[in-house]
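Notes for the one structure printed next.
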Amino acid sequence: MKGDLVDIRDKIARRETTARAVVQSTLDRIASEDRALNSFHEVLAETALAAADHVDAGIAAGRNIGELAGVPIAVKDNIATRVGRTTCSSRMLENYRSPFDATAVERLERAGAIIIGKTNMDEFAMGSSCETCAWGAVRNPWDTGRIPGGSSGGSAVAVAANLCAAALGSDTGGSIRQPAALCGVVGLKPSYGRISRHGLVAFGSSLDQIGPITHSVRDAALLYRVMAGDDPLDSTCAPEAVDDPLPLLEQPIKGLRIGIPAQYRKGNSPAVDAALARATESFRTIGATLVDVDLPLTDVGISTYYVIAPAEASSNLARFDGIRYGHRASGNFADVNALLSASRAEGFGAEVQRRIMLGTYVLSAGYYDAYYRRALQVRRLIKNEFDAAFAHCDAILGPTAPTAAFPIGGVTDPLSMYLCDVYTVNTNIAGICGISLPAGFDESTGTRLPIGIQLQAPAFADARLLQIAHAFERAHGGREHPA
Amino acid sequence: MMLFHQAPFRRTPHTMPLNSSTMSNAAESLTVDDVRHVARLARLAMAEDRLPVMRDSLVAILGHIAQLQAVDTRDLEPMAQPLPMRNRLRADEPGKTMSTAELLANAPKTEGDFIAVPKVLGGDSA
């Protein structure tokens, strides 16, 4: 199964192949390739084949089968599906089965998409390398000794290795865009509130957003259109009408302004700087106007994020008490809190515990004002800074991550790991949209390691962002495939 | 079968320094006792030999976060979430609901239509 989602869909619709053949070949590829990659925690073969037969029957009967009919989509394991488990790659939820589908999943399935499996991730989406996954590290298909990025690493790998037509990820501080960059695929974090989070296991509620990881910008635009829009089951979903990005994609971007912040050219690897320079030149070639913009608070983003996100996580993860669902410690306990504390200590891995501790600390009496309140004030400044920059440009260009993928086990210090997200956290802090696009390779280590560039655009300018991304993809060339 | 809900955090006198106007000082002075206290608040059982390790990583992270001190935040309204949102209410009408069996399916232990928990004696340890 090669080609992007739209190609696969069109071949099924034109009866050049069948949904069953596509799903079966996808299952075969997963069986042969994924042992080395560990991108899937669970493959939903039985239900996927049944759904494929349903699509094929629909085509044979001439029914309207939906704009995603027959395409196999992988779902990050923190997004609820009725079939299979939803583990968040955590022992805490090892056996958890959701009694409902996430709204995003329901909308994909209603459009005919087939859920092929659940993908590995950093535990509870906390990480940038997929090394905190309780089911083992996920491996980069370009070099299996290296990390795929995270936290949606399994989804990015599944797309990069052609183990699905597209995948869903979630992005709290870069968790869609950074793995997409490191695996050489497209990753879209829509604006805050654009896609329902009903069924997304909450991490940082003021930051979390579901989005697609795809082979092409066109695929991302299509999946965005299918999933976006208000949902009565998520009161934080934006009620505003969704702009359809698909009609915009082919429009030229001549005259649109691309902002380049000086702050995005500091501390990158030489290969990333070179990729950024090439991307800038591509935009010049296709008629965009390049403008300097100033984002002096870029460096403060990590500090702001690592107050807000752990604070929200410590609150959200308080629900995991081992009583109603999730892991419960066995044995006799002196009191209720001993039972809760033992269950949580056994169920959560080291990084999740660290974030809960950090969040609990910054929210605790005596520290709330110094850390949490102050971070929320800086958050407003970061938002204001983006607003000021977007007064002068339609999108901001920069790297997605400062380096290409590092070796598994290569970064052990938590703070160094956090700093990998310097270019992505502020997108979530401000609630704007961002996309990572394949933009070349770092070949300095002897292997080809993908590099991504990021475009960011104002809140609810997702359609415009996708238009600009599509123009870049066309000028620069689409994604390449690992050997 | 006994019913209980998660006990609210009891206010406990804490050992952390109250003067928190300087974050970096607060971070550096974080003690193993403080970490033990935070772990109790977070309902995380933490072995004694892990406390210093956790302390060191929290100190490193909080030390970095101290850079927020250098940002002038005077007169700024805190921004808890990125969009101007209004409270949204729906009509109070009965809708679909999940069955008791579905809701209990994930419980670690059940007895009849109840979630079973081990017998626990005593009160809140916090």
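The values are calculated or read from the model by the stated rules, or taken from the named source; none is laboratory data. Please read all numbers here as calculations on a predicted model, not as lab measurements. Counting neighbours? That spans all protein chains shown, and the Cβs are built from the backbone with ideal geometry, glycine included.
The set of residues from the stretch A:324-362 being facing chain B (nearest Cβ under 7 Å), modelled with pLDDT of 95 or more, more than 20 Å from A:ASN78 (Cα to Cα) and not in a helix (DSSP H, G or I) is empty. Could you check, for the stretch A:174-189, whether at least one of its residues is in contact with a Phe, Trp or Tyr (Cβ under 6 Å, 6 or more places away or on another chain), touching a residue at least 40 places away in the same chain (Cβ under 8 Å) and within 14 Å of another protein chain (Cβ to nearest Cβ)? Scanning the stretch A:174-189, I find no residue that is in contact with a Phe, Trp or Tyr (Cβ under 6 Å, 6 or more places away or on another chain), touching a residue at least 40 places away in the same chain (Cβ under 8 Å) and within 14 Å of another protein chain (Cβ to nearest Cβ), so the answer is no. Would you be able to say whether some residue in the stretch B:91-112 is farther than 30 Å from A:ALA238 by Cβ, within 8 Å of chain A (Cβ to nearest Cβ) and touching a residue at least 12 places away in the same chain (Cβ under 8 Å)? No: zero hits.
Answer yes or no as to whether A:ILE356 is aliphatic (A, V, I, L, M), crowded, with 21+ Cβ neighbours inside 10 Å and free of Cβ contacts under 8 Å to residues at least 60 places away in the same chain. Considered against the rule, which asks whether it is aliphatic (A, V, I, L, M), crowded, with 21+ Cβ neighbours inside 10 Å and free of Cβ contacts under 8 Å to residues at least 60 places away in the same chain, A:ILE356 comes out as yes.
Tell me, which residue of the stretch A:305-321 that is at the interface with chain B (Cβ under 7 Å from one of its Cβ atoms) and surrounded by 24 or more Cβ atoms within 10 Å (Cβ to Cβ) is farthest from A:THR427 (Cα to Cα)? Here the answer is A:VAL307. For B:ALA45, the requirement of being aliphatic (A, V, I, L, M), on the phi < 0 side of the Ramachandran plot and at the interface with another protein chain (Cβ under 8 Å from one of its Cβ atoms) is met. The set of residues from the stretch A:388-438 being out of contact with any strand residue (DSSP E or B) (no Cβ under 8 Å at 6 or more places or on another chain), farther than 21 Å from A:GLY184 by Cβ and part of a loop (DSSP other than H, G, I, E, B) comprises A:ALA391, A:GLY409, A:THR412, A:ASP413, A:GLY431. For residues in the stretch A:411-469 being under 19 Å from A:ALA271 (Cβ atoms) and β-branched (Val, Ile, Thr), which is nearest to the other protein chains (Cβ to nearest Cβ)? Of everything passing the filter in the stretch A:411-469, A:VAL422 is nearest to the other protein chains (Cβ to nearest Cβ). Filtering the stretch A:14-27 for residues that are closer than 12 Å to A:LYS118 by Cα and modelled with pLDDT of 95 or more leaves an empty set. How many residues does the stretch A:102-125 hold that are of a type outside the set (A, V, I, L, M, F, W, C) and buried (at least 24 other Cβ atoms within 10 Å of the Cβ)? The number of residues fulfilling the criteria is 8. Taking the criterion of being free of Cβ contacts under 8 Å to residues at least 60 places away in the same chain, under 30 Å from A:ALA313 (Cβ atoms) and surrounded by fewer than 17 Cβ atoms within 10 Å (Cβ to Cβ), the only residue of the stretch A:236-252 that qualifies is A:PRO239. Among residues of the stretch A:372-383 that are facing another protein chain (nearest Cβ under 7 Å), those with a Cβ under 7 angstrom from a residue that is surrounded by fewer than 24 Cβ atoms within 10 Å (Cβ to Cβ) and among the small types (Gly, Ala, Ser), sequence gap 6+ or separate chain, pair up as A:LEU376/B:ALA80. Is the stretch A:123-139 home to any residue that is of a type in the set (D, E, K, R) and touching a Lys or Arg at 6+ places or on another chain (Cβ under 7 Å)? Checking the stretch A:123-139: not a single residue is of a type in the set (D, E, K, R) and touching a Lys or Arg at 6+ places or on another chain (Cβ under 7 Å). For the stretch B:23-34, the criterion of a residue being assigned to a loop (DSSP other than H, G, I, E, B) and crowded, with 17+ Cβ neighbours inside 10 Å is satisfied by at least one position. Taken together, the residues in the stretch A:204-233 that are within 14 Å of chain B (Cβ to nearest Cβ) and crowded, with 19+ Cβ neighbours inside 10 Å amount to 6.
Here B:ARG50, B:ARG55 are screened, and the one residue that is surrounded by 16 or more Cβ atoms within 10 Å (Cβ to Cβ), more than 7 Å from every other protein chain (Cβ to nearest Cβ) and in contact (Cβ under 8 Å) with a residue 24 or more places away in the chain is B:ARG55.
Cβ separations smaller than 7 Å between residues 6+ apart or across chains give the following pairs from the stretch A:265-281 residues that are of a type outside the set (Gly, Ala, Ser) to residues that are assigned to a loop (DSSP other than H, G, I, E, B): A:ASN268/A:PRO402; A:VAL272/A:PRO402; A:VAL272/A:THR403. When A:ARG97, A:ARG91 are screened for being within 14 Å of chain B (Cβ to nearest Cβ), of a type in the set (D, E, K, R), out of contact with any Pro (no Cβ under 7 Å at 6 or more places or on another chain) and under 24 Å from A:SER196 (Cα atoms), only A:ARG97 passes.
Taking the numbered list (1) buried (at least 18 other Cβ atoms within 10 Å of the Cβ); (2) under 30 Å from B:GLN81 (Cα atoms) in turn, A:VAL291 passes all entries but (1).
Tell me, which helices (runs of 4 or more DSSP H) lie completely within the stretch A:12-112 with 2 or more residues that are over 30 Å from B:ALA101 (Cα atoms)?
Here the list reads A:19-37, A:45-60.
With respect to A:ILE79, is the statement that it is crowded, with 24+ Cβ neighbours inside 10 Å, of a type outside the set (Asp, Glu) and away from every other protein chain (no Cβ under 14 Å) true? So A:ILE79 passes the test.
May I ask you to verify whether A:ALA137 is surrounded by fewer than 24 Cβ atoms within 10 Å (Cβ to Cβ) and within 14 Å of another protein chain (Cβ to nearest Cβ)?
Judged against the criteria, A:ALA137 is not a match.
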